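Trainee: After the structure tokens below, expect a handful of questions from me.
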Amino acid sequence: QEMATANWTLPDHPTLPKGKTVAVVVLDGWGEASPDQYNCIHVAQTPVMDSLKNGAPEKWRLVKAHGTAVGLPSDDDMGNSEVGHNALGAGRIFAQGAKLVDAALASGKIWEDEGFNYIKESFDKGTLHLIGLLSDGGVHSRLDQVQLIVKGASERGAKRIRLHILTDGRDVLDGSSVGFIETIEKDLAQLREQGVDARIASGGGRMYVTMDRYENDWSVVKRGWDAQVLGEAPHKFQNALEAVKTLRAEPKANDQYLPPFVIVDESGKSVGPIVDGDAVVTFNFRADRMVMLAKALEFPDFDKFDRVRVPKIKYAGMLQYDGELKLPSKYLVSPPLIERTSGEYLVKNGVRTFACSETVKFGHVTFFWNGNRSGYFDETREEYVEIPSDSGITFNEQPKMKALEIAERTRDAILSGKFDQVRINLPNGDMVGHTGDIEATVVACKAADEAVKMVLDAVEQVGGIYLVTADHGNAEDMVKRNKAGQPMLDKSGSIQILTSHTLQPVPVAIGGPGLHPGVRFRSDIQTPGLANVAATVMNLHGFQAPADYETTLIEVVDK
Ligand SMILES: O=C(O)[C@@H](CO)OP(=O)(O)O
Ligand SMILES: [Mn+2]
Ligand SMILES: [Mn+2]
């Protein structure tokens, strides 16, 4: 439709030249907050990021990275990688999954559309299975939406419902899984009173069961498959509350990494394996950590692990997770249609592009950046490099992650002269911040800063330009705070560690020898957000952004 008629030619920028190498660096989970001992970016030695902030007041500023500025339902919603990189790459604000599902539920359209009607065909004889993250974090899923789907499906004929839950502790406080299970169990008990056979059938922690991403570790998905589809897991319990409470009592246990469990009846038989004739919905709206399971559920020639038994099911995603792969083919709510991204424009205007991160964030600077689309726009002008991530560890064990390797590859790409844009994500602040390990997060921030240095040094050598930014906050605040900003304590008097992202703004810094001396940040945009970065980057490449893009952050004054 739009694709066919789009005019891909970008107008020249009136003053800024073409042909400069532009390095776009995204520090994942790197927000700006007041300095205290829980601000790991402040505690860490970060001389490079400090100098960007303190060195050039007209070339450093903050932008919004959460809430409505990135297409989330409200300004109480923290930012996340999906919406952050979508905004950075697309240059416009699209209503995101959380908001689209809210709207479809509010209007009732979700029940009319093809996806629901497709799974409904199974309600007569089969079981409806719902698989996903049980959390009110709003990053991958939301509990209230799951509640409405369970209720709505039962009102529309689902007689047997099984929930396969993944516990969070990453977007929400560790231990909050218990409360979420209590909430959903109340709903299920009510349904049972009305004659609907509704129960939780299996579970496990999101980082250990099912929700791997970018094919970092298929054994994570296999553990989920075994519990959800085959009804097999090392731990068996009579109900989910008992399961989570018992498993959490193990030393070092937490919600993110709970082992898989299945719920069994008195005879020890699992209550909800997925069998022929059943319907399955994966209720996460966010794609990256559901794509692997979607492949296992939908691809006939799947070979990443032995599925043992492949039930003939009717499967729908909450959203379609990959528009290019059309995966899954059926979905309850249409995903945001993010077309004409800056990456596609620039490539079509001759900008040779290099993108790089390590596995756990690789799709962020490719798939999310390009509007939830995998693959190249033009393979003759693009190279995407994935540095393999460590797998099977929590990242506080290796807080430097692959920052050095990413920086080296990026340096080489810059020095090669083969690229006009290098675009990278440095995961450390975010991935280690999510572990809640403050000491390790400090090490992580330092490592990311050193990686930035290597990239900026290379930019210096080739006379290029840099733009350094972040996708949302995380490492700058590691403690849960009350409204007055003071750290909150738990029952035992210890501080409540914040593993999640934050509502904080993020920095944008520009510079480099190739930057026209008259370039500075405009002071007339009141509350810019991440979506303003795309037009800015287009300018740095010597182009004007399309008219419907959020406006550029920069202006050029005579100098
Ligand atoms: O790990 C993830 O999936 C999310 C948090 O749920 O983090 P990010 O958005 O930074 O990828
Ligand atoms: Mn992120
Ligand atoms: Mn994160």
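Trainee: Tally time: how many residues in region 68-82 are of a type in the set (D, E, K, R) and either farther than 13 Å from G138 by Cβ or open to solvent by less than 60 Å² (accessible area, probe 1.4 Å) (or both)?
Mentor: Step one: list which residues in region 68-82 are of a type in the set (D, E, K, R), which gives 75-77, 82.
Remaining after also requiring either farther than 13 Å from G138 by Cβ or open to solvent by less than 60 Å² (accessible area, probe 1.4 Å) (or both): 77, 82.
Of the residues in that region, 2 qualify.
Trainee: E550: modelled with pLDDT of 95 or more, closer than 25 Å to T394 by Cβ and part of a loop (DSSP other than H, G, I, E, B), yes or no?
Mentor: Considered against the rule, which asks whether it is modelled with pLDDT of 95 or more, closer than 25 Å to T394 by Cβ and part of a loop (DSSP other than H, G, I, E, B), E550 comes out as no.
Residue-by-condition table, conditions (1) surrounded by 15 or more Cβ atoms within 10 Å (Cβ to Cβ); (2) within 22 Å of T499 (Cβ to Cβ); (3) touching a Gly at 6+ places or on another chain (Cβ under 7 Å):
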| residue | (1), (2), (3) |
| --- | --- |
| W225 | yes, no, no |
| A249 | no, yes, no |
| K252 | no, yes, no |
| P259 | yes, yes, yes |
| V264 | yes, no, no |
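Trainee: Can you tell which of D217, D168 is in contact (Cβ under 8 Å) with a residue 12 or more places away in the chain, surrounded by fewer than 23 Cβ atoms within 10 Å (Cβ to Cβ) and assigned by TED's automatic domain parsing to the domain that holds I263? Can you show your working first?
Mentor: Details: D168 fails: surrounded by fewer than 23 Cβ atoms within 10 Å (Cβ to Cβ).
It is D217.
Trainee: Right, next: Being hydroxyl-bearing (S, T, Y), within 25 Å of the chain's Cα centre (by Cα) and either within 16 Å of ligand 2 (Cβ to nearest atom) or part of a loop (DSSP other than H, G, I, E, B) (or both) narrows it down to one residue among T536, T527; which is it?
Mentor: None of the other options fit; the residue is T527.
Trainee: If you don't mind, another one. Filter region 351-380 for residues that are part of a loop (DSSP other than H, G, I, E, B) and without any contact (Cβ under 8 Å) to a residue 60 or more places away in the chain; which is farthest from S81 (Cα to Cα)? First the steps, then the outcome.
Mentor: Taking region 351-380 first, the residues part of a loop (DSSP other than H, G, I, E, B) are 351-352, 363, 369-380.
Applying the additional criterion that residues be without any contact (Cβ under 8 Å) to a residue 60 or more places away in the chain yields 373-380.
Working: R373: 15, S374: 16, G375: 19, Y376: 20, F377: 22, D378: 24, E379: 25, T380: 28 Å.
In this case the residue turns out to be T380.
Trainee: Using beta carbons and a limit of 8 Å, which pairs, at least six apart or on different chains, have the first residue in region 435-452 and of a type in the set (S, T, N, Q) and the second one part of a helix (DSSP H, G or I)?
Mentor: From region 435-452, the pairs are T435/T441; T441/C40; T441/G429; T441/V432; T441/G433.
Trainee: Next up: Any idea which of L503, L515 is over 30 Å from V432 (Cβ atoms), assigned to a loop (DSSP other than H, G, I, E, B) and open to solvent by 10 Å² or more (accessible area, probe 1.4 Å)? Walk me through how you get there before you give the answer.
Mentor: Working: L503 fails: over 30 Å from V432 (Cβ atoms).
That would be L515, the only listed residue that is over 30 Å from V432 (Cβ atoms), assigned to a loop (DSSP other than H, G, I, E, B) and open to solvent by 10 Å² or more (accessible area, probe 1.4 Å).
Trainee: Could you please give the count of residues in region 398-416 that are of a type in the set (G, A, S) and part of a loop (DSSP other than H, G, I, E, B)?
Mentor: The number of residues fulfilling the criteria is 0.
Trainee: Just to be sure before I move on: is K491 away from ligand 1 (no atom under 16 Å from the Cβ) and either in contact with a helix residue (DSSP H, G or I) (Cβ under 9 Å, 6 or more places away or on another chain) or open to solvent by less than 30 Å² (accessible area, probe 1.4 Å) (or both) in the structure I sent?
Mentor: Values: away from ligand 1 (no atom under 16 Å from the Cβ): yes; either in contact with a helix residue (DSSP H, G or I) (Cβ under 9 Å, 6 or more places away or on another chain) or open to solvent by less than 30 Å² (accessible area, probe 1.4 Å) (or both): no.
It is false that K491 is away from ligand 1 (no atom under 16 Å from the Cβ) and either in contact with a helix residue (DSSP H, G or I) (Cβ under 9 Å, 6 or more places away or on another chain) or open to solvent by less than 30 Å² (accessible area, probe 1.4 Å) (or both).
Trainee: Out of everything in region 242-284 that is among the small types (G, A, S) and within 30 Å of the chain's Cα centre (by Cα), what residue ends up being nearest to I393 (Cα to Cα)?
Mentor: First, the residues of region 242-284 that are among the small types (G, A, S): 243, 249, 253, 267-268, 270, 272, 277, 279.
Cutting the leftovers down to within 30 Å of the chain's Cα centre (by Cα) gives us 243, 249, 253, 272, 279.
Numbers: A243: 23, A249: 21, A253: 14, G272: 30, A279: 34 Å.
Among residues in region 242-284 that are among the small types (G, A, S) and within 30 Å of the chain's Cα centre (by Cα), the one nearest to I393 (Cα to Cα) is A253.
For every residue, the table says whether it meets (1) assigned to a helix (DSSP H, G or I); (2) touching a Leu at 6+ places or on another chain (Cβ under 9 Å); (3) not aromatic (F, W, Y).
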residue	(1), (2), (3)
E182	yes, yes, yes
I200	no, yes, yes
R213	no, no, yes
N216	no, no, yes
W225	yes, yes, no
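Trainee: Taking the condition of being in a strand (DSSP E or B), within 16 Å of ligand 3 (Cβ to nearest atom) and of a type in the set (A, V, I, L, M, F, W, C), how many residues in region 417-473 meet it?
Mentor: Let us first name the residues in region 417-473 that are in a strand (DSSP E or B), namely 421-426, 465-470.
Those left that are additionally within 16 Å of ligand 3 (Cβ to nearest atom): 425-426, 469-470.
Filter once more, so that each one left must be of a type in the set (A, V, I, L, M, F, W, C): 426, 470.
The number of residues fulfilling the criteria is 2.
Trainee: For the condition under 19 Å from the mean Cα position of the chain (by Cα) and closer than 22 Å to K418 by Cβ, what is the one hit in S334, S357, S374?
Mentor: Values: S334 fails: closer than 22 Å to K418 by Cβ; S374 fails: closer than 22 Å to K418 by Cβ.
Selected residue: S357, the only one of S334, S357, S374 that is under 19 Å from the mean Cα position of the chain (by Cα) and closer than 22 Å to K418 by Cβ.
Trainee: Quick one: A65 ticks every box in (1) buried (at least 23 other Cβ atoms within 10 Å of the Cβ); (2) out of contact with any His (no Cβ under 6 Å at 6 or more places or on another chain) bar one, so which box is it?
Mentor: Exception for A65: condition (2).
Trainee: From K59, K99, which residue is among the basic types (K, R) and in contact with a Pro (Cβ under 6 Å, 6 or more places away or on another chain)? Give the steps one after another, and end with the answer.
Mentor: Values: K59 fails: in contact with a Pro (Cβ under 6 Å, 6 or more places away or on another chain).
Step by step, each of K59, K99 is checked, and only K99 is among the basic types (K, R) and in contact with a Pro (Cβ under 6 Å, 6 or more places away or on another chain).
Trainee: Which ones in region 430-467 are within 16 Å of ligand 2 (Cβ to nearest atom) and in contact with a Leu (Cβ under 6 Å, 6 or more places away or on another chain)?
Mentor: Residues satisfying the conditions are A448, A451.
Trainee: Here's a check for you: in region 477-487, which residue that is among the aliphatic types (A, V, I, L, M) and crowded, with 17+ Cβ neighbours inside 10 Å is farthest from ligand 2 (Cβ to nearest atom)?
Mentor: Filtering first and then ranking leaves V479.
Trainee: Sticking with this structure for a sec: Any residue in region 457-479 that's more than 13 Å from N428 (Cα to Cα): show its pairings with residues that are open to solvent by less than 10 Å² (accessible area, probe 1.4 Å) and modelled with pLDDT under 95 at Cβ separation under 8 Å, as long as the two are six or more apart or on different chains.
Mentor: No pair meets every condition.
Trainee: Out of curiosity, is L88 surrounded by 23 or more Cβ atoms within 10 Å (Cβ to Cβ), over 22 Å from L241 (Cβ atoms) and not small (G, A, S)?
Mentor: Details: surrounded by 23 or more Cβ atoms within 10 Å (Cβ to Cβ): yes; over 22 Å from L241 (Cβ atoms): yes; not small (G, A, S): yes.
The answer is yes for L88.
Trainee: Which condition number does S34 fail, the rest of (1) within 16 Å of ligand 2 (Cβ to nearest atom); (2) assigned to a loop (DSSP other than H, G, I, E, B) being met?
Mentor: Among (1) within 16 Å of ligand 2 (Cβ to nearest atom); (2) assigned to a loop (DSSP other than H, G, I, E, B), S34 violates only (1).
Trainee: Looking only at residues that are charged (D, E, K, R) and under 22 Å from K18 (Cα atoms) in region 424-476, which one is surrounded by the fewest Cβ atoms within 10 Å (Cβ to Cβ)? Explain how you work it out, then say what you get.
Mentor: In the first step, residues of region 424-476 are kept if they are charged (D, E, K, R); the result is 430, 437, 439, 446, 449-450, 453, 457, 460, 471, 476.
Those left that are additionally under 22 Å from K18 (Cα atoms): 457, 460.
On the way: D457: 13, E460: 15.
It comes out as D457.
Trainee: Given the conditions (1) more than 16 Å from ligand 1 (Cβ to nearest atom); (2) within 20 Å of T359 (Cβ to Cβ); (3) buried (at least 22 other Cβ atoms within 10 Å of the Cβ), which single one is not true for I414?
Mentor: Unmet condition: (2).
The values are calculated or read from the model by the stated rules, or taken from the named source; none is laboratory data. Source: prediction; values computed, not measured. Cβ sites come from the backbone with ideal geometry, for glycine too, and all protein chains shown count toward neighbours. To get the accessible areas, we keep the full protein, side chains included, count just its heavy atoms, and leave off ligands, DNA and RNA. Shrake-Rupley method; radii C 1.70, N 1.55, O 1.52, S 1.80 Å.
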